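Notes follow once the structure below has been shown.
FYI, it's all coordinate maths here, none of it is from the lab. As the structure is a prediction and not an experimental result, all values here were calculated from the model. For neighbour counting, all protein chains shown are included, and Cβ atoms are generated from backbone atoms with ideal geometry for every residue, glycine included.
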């Protein structure tokens, strides 16, 4: 058991390291285009921090454990809001958030479509096609976002950044293999399902890059980048990972995935949307309400995680 736990920790460590290299180097390239914080969070940072989930999902399918990928996808979204947004609430209470309602609408729509897809406890190829169409819509929306026309002429370090981006992908590939195999073996020894391991240990592990990116952004007082990261990551975790599972394999999901986990994720998303929509101003109520919300979300998430092992 200790060996498998060590393998799992090694895999998670490689995922965090790979994501850190990916985020830092792609962000440097992104800033050359002079993108705003919210846009950069939804695109570059969200994509980079969601890559561990993508690689874990691919590795799960190769290792014939698609339930782990489903659990990882939903569990990561719960962790992103419950833990990352929950902790960030203590710092965001003094920030003025610039919210794009189209981003919020697409987040809500991604949850509704994903709920429709897994309502029958399976992901078919036609379901996957619907999600891919939504992914294309999301990308087109991002391309329409306003950016400054001026570009940086400085080309120093671009080749180095591209090299580290490819190196980070290799590290992520190795990390996902270790994570999936370690998690799978640990699940067998603990007598819990792959789904539970995906919803807990692996979901929190693959959310660590989001946590690291969020703390880095909060240090620089870039609250909009944190919100953008959560919105982008949560959309991609659904509309990118679900189709990978649907096109690659046929899986019959445990009913609890929808009735317990997906519905909690939907509730967390609703809370997140309500509070960031109200959080575009500074006020005494917000300074009290945000830290209170943060405490509730963090406690709720840990209670939920512990309950999965006890049931």
Highest GNM mean-square fluctuation among 229, 25, 237, for the chain with Cα springs under 10 Å, belongs to 25
Tell me, what are the semi-axes, in whole angstrom and largest first, of the equivalent ellipsoid of the stretch 34-102 as set by the roots of 5 times the Cα gyration tensor eigenvalues? 29, 16, 9
What is the fewest-to-most order of 20, 53 by other Cβ atoms lying within 10 Å of their Cβ? 20, 53
For 260, 102, 144, order by how many other beta-carbon atoms lie within 10 Å, fewest first: 144, 102, 260
Binned Cα-Cα distance frequencies in the stretch 152-311 - 10 Å width, integer %: 8, 27, 35, 21, 9, 1
How large is log10 of I(q)/I(0) for the chain at q = 0.07, 0.08, 0.10 Å⁻¹ when the intensity is taken from the Debye formula with one equal scatterer per alpha-carbon? -0.25, -0.33, -0.52
For a bin width of 5 Å, list the pair-distance distribution of the stretch 38-183 built from all Cα-Cα distances, rounded to whole %. 2, 7, 12, 17, 19, 17, 14, 8, 3, 1, 0
Starting with the fewest neighbours, write out 127, 120 ranked by other beta-carbon atoms found within 10 Å of each beta-carbon. 120, 127
With Cα springs under 10 Å, the Gaussian network model of the chain assigns the largest mean-square fluctuation among 262, 242, 129 to 129
